[in-house]
Amino acid sequence: MRAKLFPATMTQPTTAFTFQVLKQFHLLHLEGKLSAYDFIGALRRLSDTAFPQRIAVCSVVALDYILIYSFNCRTLRRNLG
């Protein structure tokens with residue numbers, strides 16, 4: 001967390017999201033109703049436009065932690081306001 005990375009898993013944190021990416025998803029989800037699944041697909045395409053299917057992503061785990069981040073943002077906002 002100190003490195004501004006949110007781990008993709010709690011058991012084996014070899015993959016992480018930057019808080020900037022999580023914030024971007026959160027805003028796109030709120031404003032454009034973008035699903036977490038579509039966001040992961042867009043990240044894969046940004047990583048390799050020719051062969052996005054080659055980018056190994058454990059989508060289920062990634063989706064879970066993106067949604068946890070979104071939930072934490074909503075909870076924090078409710079508690080502060």
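We did not get these values from a lab; they are worked out from the coordinates using the rules stated. Remember, it's a predicted structure, so these values are computed and weren't measured experimentally. Every residue, glycine as well, gets a Cβ built from its backbone with ideal geometry; the counts of neighbours run over all protein chains shown.
Of note:
- For a modelled paramagnetic label at L30, 7 Å from Cα along Cα-to-Cβ, no residue of region 1-20 is in reach, as no backbone nitrogen comes under 12 Å.
- Computed E for A3/A50 - FRET, C-beta separation, R0 25 angstrom, nearest 0.05: 0.25
- Nonlocal amide H pairs with F17, under 5 Å, H built at 1.01 Å: F6, A8
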